[in-house]
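A.B. asks: Dumping the structure here so I can ask a few things about it.
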Amino acid sequence: MIAQIIFQLFIIIALAPLLSGIMKKVKAFFQIRKGPGVLQPYYDILKLLQKDSVVSTNVSWIFHAAPIVSFVAVLAAGLLIPIYITQLSLGFAGDLIAVIYLFALARFFTALASLDAGSSFGGMGGSREMFIASLVEPALMLSIFAVALNVGSTNLGFISQTVSGLGFDAVSPYQILAFVALFIIAIAETGRIPVDNPATHLELTMIHEAMILEYSGKQLAIVELGAMIKQLLIYSLLANIFFPWGIATGGAGALAMVFAILVYVIKIIIIGITMAVVETSTAKWRLFRLPELMSISLMLSFLAIVAFIIVKGG
Amino acid sequence: MVAFYLIGAISSVILNKKDRICSYFSFFSAAAGALIGAIFSISVIFGETFYLTLSQDSYLKFGFFVDKLSAFFILVISISVFAVSIFSTGYVKEYFGKKNIGHLGFLYNIFILSMIFVVCANNAIMFLIVWELMSVISFFLVVYEHEKPETRKAGFIYIVMTHIGTGFILLSFMIFAGTSGSFSFETFNPAGLTMTPLLKDLAFIFAFIGFGAKAGIVPLHIWLPYAHPAAPSNVSALMSGVMIKTAIFMMIRISFDFLGASGSWWGYIVLAVGTISAILGILYAVVEPDMKKMLAFSSIENIGIILIGLGASMIFFASGKPIISAIAAIAALYHLLNHSVFKGLLFMGAGSILYSTHTKNIEELGGIIKKMPLSAILILIGVLSISAMPPFSGFVSEWLTFQSLLLSFNLNNNFAIIMLSISAAFLALTGALAAYCFLKFFGMVFLALPRSEHARNAKEVNIPMLVGMGIFALLSILLGILPVYVLPVLDRIAASFIGTSAFSQSISVGTFGMISIPSSQGISISTPVLLAMLLILMLIPAIILLINRRAQPIYETWGCGQPISTARNEYSANAFSKPVQMWFKSLYRPARETEATYSSPYLKESFKFESKIEQVFEQYLYNPVVDFVMVKSRKAKLIQTGSIHAYLGYIFGILIILFMFVIAGGS
């Protein structure tokens with residue numbers, strides 16, 4: 001039991017920078033650049049860990065506590081999401097809604113810290129981040145509803161197990177609609193183009209980067225790693241809610257576990273590459289056009305619910 | 001219990017010249033009354049219904065009757081009163097020498113007493129008397145700082161709206177009394193069940209409007225954002241935390257106990273009104289710069305969330321699923337309890353900020369976390385609870401509300417599924433905006449640099465105030481991590497009006513503080529384990545930060561190479577909520593005025609910017625009605641000559657007409 005917890009923690013912490021590196025590499029490929037190696041995010045974090053942290057004169061303890069709370073909240077969410085096995089030792093502690101609220105907790109503290117230094121960049125970033133979160137939340141909840149109506153539960157392990165048990169029968173109009181809706185949400189939640197540009201430091205466009213502008217050194221390393229882990233977890237949610245095939249279920253042997261991990265890594269990389277392709281093929285949207293994007297997601301989830309009623313309730 | 005409140009009331013009148021002693025007497029006796037009230041209510045929840053009849057007259061049986069539902073509300077009132085009373089002993093120091101503490105203490109005690117009587121009155125006449133008493137006393141409390149003109153306006157709007165509400169309540173009671181032939185609540189239950197569907201619908205709608213005005217549902221909410229901020233902060237904590245809940249109490253009483261929740265569409269009305277109140281309440285709260293007003297708007301939001309739970313419960317009940325209905329009712333009751341705790345905490349917090357900075361305007365504050373570190377932590381707990389952050393109290397009740405909406409897949413009713421999922425989407429939006437709103441509140445008030453002289457001179461508040469807030473902060477945490485002990489109690493209460501216990505069938509508690517819903521494939525959360533996870537996982541970043549420790553040089557905030565460390569460069573609260581304002585332009589209808597003076601064509605000398613948000617409901621719903629009434633009244637002035645002879649003539653004329661009616665009817 002404890003082995004499973006520690007192993008899952010190890011996987012998510014170890015894989016998260018790799019996923020970031022691969023996505024950067026794919027983006028570089030499409031921009032006809034050579035780009036940094038896929039291991040670059042590891043080097044970046046290791047480098048940051050060797051540096052001093054410059055702290056603003058204006059800050060309070062919130063600034064120091066926020067990276068820790070945010071990081072821990074994301075890690076805790078990671079223990080509630082099925083990665084390679086559906087039977088999670090701590091799965092009883094929270095369902096899909098709890099995962100979302102843990103992400104909200106992480107965001108809350110990051111945004112709070114953004115206001116602490118008294119810089120306008122921070123406030124701007126925090127304000128936009130919370131704005132986007134408000135846009136995302138209704139669409140997210142409705143797509144969860146669509147999934148939960150289908151399976152009859154918001155227990156993540158149970159969803160994965162049921163959908164994986166159904167095999168290809170699980171592919172249905174409402175699942176597809178809900179997947180597309182959640183995919184759009186995933187773009188927003190991980191701060192990707194067209195919502196936010198992770199590679200920019202231009203004051204007019206940055207959102208996440210503006211919030212963490214005052215962090216440096218070790219604190220920045222924790223913040224960056226937390227963001228990478230969150231990204232990995234959101235892609236894991238997509239993968240294991242909609243395509244859980246190959247995931248190990250209770251009582252699986254060591255071989256099945258290894259196989260499940262391999263399948264998981266491949267799924268995550270495919271989603272990462274898709275995300276990078278989407279990112280390179282679109283331009284960043286104006287902040288006030290984002291409600292349109294989220295309405296699309298909202299409508300898709302709503303259609304998923306209606307489709308479910310038509311197909312099942314008939 | 002009653003005696004303590006009366007002692008508090010009377011002693012404060014007697015001692016009204018000695019501020020300090022008077023405040024101790026009145027507030028400590030209120031706290032003692034609250035303790036006894038809490039013990040009494042727990043004994044009723046786990047024991048027998050309590051009756052006390054004062055007069056045996058068969059037509060008007062005056063007396064009290066406390067069943068489990070009333071006892072729950074007495075408990076909620078008592079918890080709030082206890083913490084708020086302790087807070088008040090510190091808070092009223094503000095008024096020493098300036099205002100009459102005796103008046104405040106007297107009104108405060110009588111106000112609490114009237115709220116307790118409201119939830120245990122046993123007949124309609126008595127209920128209306130104490131209800132009116134509660135309204136009038138709270139009106140006096142609202143206008144306690146009557147030297148300010150906006151307070152007088154607030155009081156006026158409040159008293160008008162609350163009487164419109166009472167009018168509708170009266171109509172509803174008359175329908176019941178007309179069928180049962182008595183004003184006793186005991187006879188309302190059989191009468192309510194035997195009425196024709198039309199009468200039932202009317203009784204429900206009148207009661208919903210009447211009590212809705214008190215609860216602050218949209219569009220009857222307009223008094224709330226004026227009245228709650230105008231009252232002294234300790235009273236606002238009680239008004240927002242407890243008084244508006246008495247209306248919820250009567251809604252449950254009437255729709256479940258008296259009418260058997262039989263109307264299939266009632267639940268949808270409650271759900272829709274709840275959803276609209278939740279979303280509009282929080283939308284106005286997000287852009288509000290006055291922190292007490294913001295909290296008042298957020299009360300509208302939370303009443304909305306409670307009504308969503310209640311509405312879902314009524315829908316399930318009318319669809320013949322009492323067990324699921326009980327879960328939704330438990331969710332609503334849980335949120336009600338939580339809201340009274342964290343809203344009380346936040347109103348007291350706002351009071352503390354007001355006490356030490358003398359301003360309610362978020363834009364003028366900032367940086368006071370360094371001046372008021374303890375208040376800041378306590379208020380942060382309140383903020384995290386109201387934003388439904390795990391593992392705090394708001395999270396548990398919102399989780400339960402979401403789960404009860406999700407249980408709609410048990411229904412064979414497509415309309416219900418769609419309505420409940422739309423409501424869930426709006427609830428999610430409300431939750432996200434609440435986090436936005438309270439993040440802004442905490443960030444702007446406590447963090448960064450002080451924006452005005454007020455904030456620079458802030459200092460930590462006195463110990464009674466911290467203790468009062470501390471009790472609520474502790475409760476917020478306990479209600480969050482120990483729902484296993486709270487749910488069985490709430491289940492007893494929900495079972496008392498729904499008739500079926502949800503426990504062990506559709507909701508259960510387990511080891512590690514787990515609450516689960518077996519009918520949804522064992523979905524569960526365990527907030528203590530979540531908390532433990534968060535704490536244990538903290539080892540990882542702690543190790544990262546502590547191993548090979550690096551220096552943390554202190555330097556000013558980065559400003560693109562320019563020194564910018566002044567409060568003028570900070571992001572303002574208005575700017576922080578600007579995206580929402582742009583998003584919902586059509587709702588807010590913002591009006592802005594800019595005024596610039598130039599000393600030369602190139603140099604701006606000064607620039608003034610003013611932006612204002614329109615209260616759509618006042619503008620388009622109330623103002624036309626008020627105008628209409630004014631015009632008609634002006635016409636009606638014609639017959640009011642002021643001469644007593646003319647009035648006698650009118651009375652005579654009416655009498656003649658009445659006699660003719662009687663004679664015509666008799667023959």
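Read the figures in this text as sums done on the coordinates, not as results from a lab. Here the structure is a predicted model, which means the values were calculated and not measured. Methodologically, a virtual Cβ is constructed for each residue, glycine included, from the backbone with ideal geometry; neighbour enumeration extends over all protein chains shown.
A.B. asks: Give me the angle, in degrees from 0 to 90, between the Cα long axis of helix A:40-49 and the longest principal axis of the Cα atoms of chain A, rounded to the nearest 10.
C.D. replies: 50 degrees
A.B. asks: Considering the options B:Leu411, B:Tyr436, B:Ile254, tell which one lies farthest towards the positive end of the dipole of the protein assembly as shown, charges being +1 on Lys and Arg and -1 on Asp and Glu at the Cβ, about the Cα centre.
C.D. replies: Selected residue: B:Tyr436.
A.B. asks: Highest mean first, what order results for B:624-636, A:247-259 on Cβ atoms within 10 Å?
C.D. replies: On the way: B:624-636: 9.8, A:247-259: 14.2.
Peptide ranking by packing, descending: A:247-259, B:624-636.
A.B. asks: Let me ask something else about it. Could you compute how fast the stretch A:109-154 diffuses translationally, taking Rh as the Kirkwood radius over C-alpha pairs and applying Stokes-Einstein at 37 °C with viscosity 0.692 mPa s? Give it in µm² per second. Walk me through the numbers before you get to the answer.
C.D. replies: Working: Rh = 12.3 Å.
Answer from the Stokes-Einstein relation: 267 µm²/s.
A.B. asks: Show me the ranking of peptides B:369-381, B:461-473, B:386-398 by mean Cβ neighbours inside 10 Å, starting with the highest.
C.D. replies: Details: B:369-381: 20.6, B:461-473: 23.0, B:386-398: 28.2.
Order by mean packing, descending: B:386-398, B:461-473, B:369-381.
A.B. asks: Something else: Taking Rh as the Kirkwood radius computed over C-alpha pairs, what is the Stokes-Einstein D of chain A at 20 °C in a medium of viscosity 1.002 mPa s, expressed in µm² per second? Show your work: numbers first, answer last.
C.D. replies: On the way: Rh = 20.1 Å.
Translational diffusion coefficient: 107 µm²/s.
A.B. asks: List residues of the stretch A:151-178, by number, whose backbone nitrogen lies under 15 Å from a label position 7 Å along Cα→C-beta of B:Asn414.
C.D. replies: Residues A:174 fall inside that zone.
A.B. asks: Now a separate question. Within 10 Å of each Cβ of A:107-114, how many other protein chain Cβ atoms are there on average? Write down the numbers at each step before the final one.
C.D. replies: On the way: counts 3, 9, 3, 0, 6, 8, 2, 4.
Whole-number average of other-chain Cβ neighbours for A:107-114 is 4.
A.B. asks: Quick check: the distance between the Cα centres of the stretch A:1-15 and the stretch B:258-298, to the nearest angstrom?
C.D. replies: 43 Å
A.B. asks: If one computes the Cα centroid of the stretch A:41-103 and of the stretch A:194-236, what distance in Å separates the two points?
C.D. replies: 13 Å
A.B. asks: So, in nm, how far is label A:Val277 from label B:Phe609 when the simple model puts each one 7 Å beyond its Cα toward the Cβ?
C.D. replies: The answer from the label model is 4.4 nm.
A.B. asks: In terms of the Cα gyration tensor, with a ≥ b ≥ c the square roots of its eigenvalues, is the protein assembly as shown rounded because a/c is under 1.5, prolate because a/b exceeds b/c, or oblate? Kindly include the intermediate steps, with their values, before the conclusion.
C.D. replies: Values: a/c = 1.82, a/b = 1.44, b/c = 1.27.
It comes out prolate by the Cα gyration axes.
A.B. asks: About the Cα centre of the stretch B:264-501, what is the dipole size in debye to 20, counting +1 per Lys and Arg Cβ and -1 per Asp and Glu Cβ, all else neutral? Could you put the intermediate results ahead of the total?
C.D. replies: Numbers: 12 positive and 9 negative charges, 56 e Å.
Computed charge dipole of the stretch B:264-501: roughly 260 debye.
A.B. asks: How shielded is A:211-223 by partner chains, expressed as the average number of their Cβ atoms within 10 Å of its Cβ atoms? Could the numbers behind the result be given before it?
C.D. replies: Details: counts 0, 0, 2, 2, 0, 4, 5, 9, 5, 0, 3, 4, 0.
Across the residues of A:211-223, the mean count of other-chain Cβ atoms within 10 Å is 3.
A.B. asks: What's the Kirkwood radius of the stretch B:618-666 in Å, using all Cα pairs?
C.D. replies: Working: mean 1/r = 0.0735 Å⁻¹.
Evaluated over the stretch B:618-666, this radius sits at 13.6 Å.
A.B. asks: Could I ask something else about it? For chain B, just list the percent of Cα-Cα distances falling in each 20 Å bin from zero outward, please.
C.D. replies: P(r) over chain B, rounded to whole percents: 17, 50, 27, 5, 0, 0.
A.B. asks: Oh, and also: A 31 angstrom limit on the alpha carbon distance is what I want to check against. Which of B:Lys200/B:Lys632; B:Lys99/B:Lys360; A:Lys34/A:Lys267; A:Lys284/B:Lys608; A:Lys24/B:Lys578; A:Lys218/B:Lys459 exceed it? All intermediate terms of the calculation are to be shown ahead of the outcome.
C.D. replies: Numbers: B:Lys200/B:Lys632 33 Å; B:Lys99/B:Lys360 20 Å; A:Lys34/A:Lys267 24 Å; A:Lys284/B:Lys608 34 Å; A:Lys24/B:Lys578 33 Å; A:Lys218/B:Lys459 33 Å.
Pairs exceeding the cut-off: B:Lys200/B:Lys632; A:Lys284/B:Lys608; A:Lys24/B:Lys578; A:Lys218/B:Lys459.
A.B. asks: When chain A is modelled as a GNM with alpha-carbon springs shorter than 10 Å, which of A:Leu298, A:Leu204, A:Leu75 fluctuates the most?
C.D. replies: Ranking A:Leu298, A:Leu204, A:Leu75 by mean-square fluctuation puts A:Leu204 first.
A.B. asks: Another question, then. To the nearest Å, what is the center-to-center distance of the stretch B:422-491 and the stretch B:140-158, using C-alpha atoms only?
C.D. replies: 27 Å
A.B. asks: Quick one: give the max-minus-min coordinate of the C-alpha atoms of the stretch B:399-519 along each principal axis, largest first, in Å.
C.D. replies: 61, 32, 28
A.B. asks: Rank by packing, highest mean first: peptides B:225-231, A:260-266, with packing defined as the count of other Cβ atoms within 10 Å averaged across residues.
C.D. replies: Working: B:225-231: 26.9, A:260-266: 17.1.
Top of the packing list down: B:225-231, A:260-266.
A.B. asks: Need one number: nm distance between label points at B:Arg568 and A:Ala65, each 7 Å from Cα along Cα→Cβ, rounded to one decimal.
C.D. replies: Those two pseudo-labels are separated by 3.3 nm.
A.B. asks: Cα-Cα pairs above 13 Å in the stretch B:318-364: how many percent? Each step should come with its number before you reach the end.
C.D. replies: Values: 734 of 1081 pairs.
Above the 13 Å cut-off, the stretch B:318-364 has 68 percent of its Cα pairs.
A.B. asks: On a 0 to 90° scale, report how tilted helix B:414-446 is relative to the longest principal axis of chain B, with both axes built from alpha carbons and the result rounded to the nearest 10.
C.D. replies: Orientation of helix B:414-446: about 50 degrees from the principal axis.
A.B. asks: Then there's this: Treating only the Cβ atoms of Lys and Arg (+1) and Asp and Glu (-1) as charged, compute the dipole magnitude of chain B about its Cα centre; round to the nearest 20 debye. Intermediate values should be presented prior to the final figure.
C.D. replies: Details: 41 positive and 30 negative charges, 195 e Å.
That gives a dipole near 940 debye.
A.B. asks: While we're here: Can you find, among B:Ser114, B:Leu449, B:Ala664, the residue sitting farthest towards the positive end of the charge dipole of chain B, where Lys and Arg contribute +1 and Asp and Glu -1 at Cβ?
C.D. replies: B:Leu449
A.B. asks: Please give the per residue volume of the convex hull enclosing the alpha carbon atoms of the stretch B:264-501, rounded to a whole number of Å³.
C.D. replies: On the way: hull volume 24.1 nm³, N = 238.
Spelled out: Cα convex hull of the stretch B:264-501, divided by residues, is 101 Å³.
A.B. asks: While we're here: Computed FRET efficiency, Cβ-Cβ of B:Glu453 and B:Arg20, R0 25 Å: what is it to the nearest 0.05?
C.D. replies: So, using R0 = 25 Å, E works out to roughly 0.30.
A.B. asks: Please give the per residue volume of the convex hull enclosing the alpha carbon atoms of the stretch A:27-94, rounded to a whole number of Å³.
C.D. replies: Numbers: hull volume 13.0 nm³, N = 68.
Dividing the Cα hull volume of the stretch A:27-94 by its residue count gives 190 Å³.
A.B. asks: Put +1 on the Cβ of every Lys and Arg and -1 on every Asp and Glu Cβ in the stretch B:264-501; which of B:Leu400, B:Met465, B:Gly349 then has its Cα farthest towards the positive end of the dipole?
C.D. replies: Positive-end residue among those listed: B:Met465.
A.B. asks: Applying the Karplus parametrisation 6.51 cos²θ - 1.76 cosθ + 1.60 with θ = phi - 60° to the phi angles of the stretch B:394-407, what ³J(HN,Hα) value in whole Hz is obtained for each residue in order, glycine and proline being reported as x?
C.D. replies: Computed from phi, the couplings for the stretch B:394-407 are x, 4, 4, 6, 6, 4, 5, 5, 4, 5, 5, 5, 5, 5 Hz.
A.B. asks: When the distances between all Cα atoms of the stretch B:45-174 are binned every 10 Å from zero, what whole-number percent does each bin get?
C.D. replies: The percentages, shortest bin first, are 11, 32, 34, 18, 5, 0.
A.B. asks: Mind giving me the FRET efficiency for B:Ile276 and B:Asn548? R0 is 60 Å, r the Cβ-Cβ distance, nearest 0.05 is fine. It would help to have the intermediate numbers written out before the result.
C.D. replies: Details: r = 55 Å, r/R0 = 0.92.
Once the sixth-power term is evaluated, E becomes 0.60.
A.B. asks: May I pose another question? Determine the shielding of peptide A:70-83 by partner chains: average, over its residues, the number of Cβ atoms on other chains within 10 angstrom of each Cβ.
C.D. replies: Values: counts 1, 5, 10, 6, 1, 7, 11, 3, 1, 4, 3, 0, 0, 0.
Per residue, the average neighbour count from other chains is 4.
A.B. asks: To the nearest 20 debye, what charge dipole does the protein assembly as shown have about its Cα centre, counting +1 at the Cβ of each Lys and Arg and -1 at the Cβ of each Asp and Glu? Walk me through the numbers on the way to the answer.
C.D. replies: Details: 58 positive and 45 negative charges, 216 e Å.
For the protein assembly as shown, the charge dipole is close to 1040 debye.
A.B. asks: Can I ask one more? Using a Gaussian network model of chain A with C-alpha springs under 10 Å, which one of A:Asn58, A:Asn240, A:Asn150 is most mobile by mean-square fluctuation?
C.D. replies: Highest fluctuation of the listed residues: A:Asn58.
A.B. asks: Let me ask something else about it. Going through the stretch B:492-533, which chymotrypsin sites (Phe, Trp or Tyr not before Pro) have at most 15 other Cβ atoms within 10 Å and a DSSP loop state? It would help to have the intermediate numbers written out before the result.
C.D. replies: Numbers: sites: B:Phe497, B:Phe503, B:Phe512; in loops: none.
Hits after loop and neighbour filter: nothing returned.
A.B. asks: Now for a separate question. Which angle between 0 and 90 degrees, to the nearest 10, do you get for helix B:483-498 versus the longest principal axis of chain B when only C-alpha atoms count?
C.D. replies: 20 degrees
A.B. asks: Go ahead and run the numbers for FRET between A:Phe259 and B:Asn361, Cβ-Cβ distance against an R0 of 56 Å, rounding to 0.05. Working shown, then result.
C.D. replies: Numbers: r = 62 Å, r/R0 = 1.10.
The pair A:Phe259/B:Asn361 has a calculated efficiency of 0.35.
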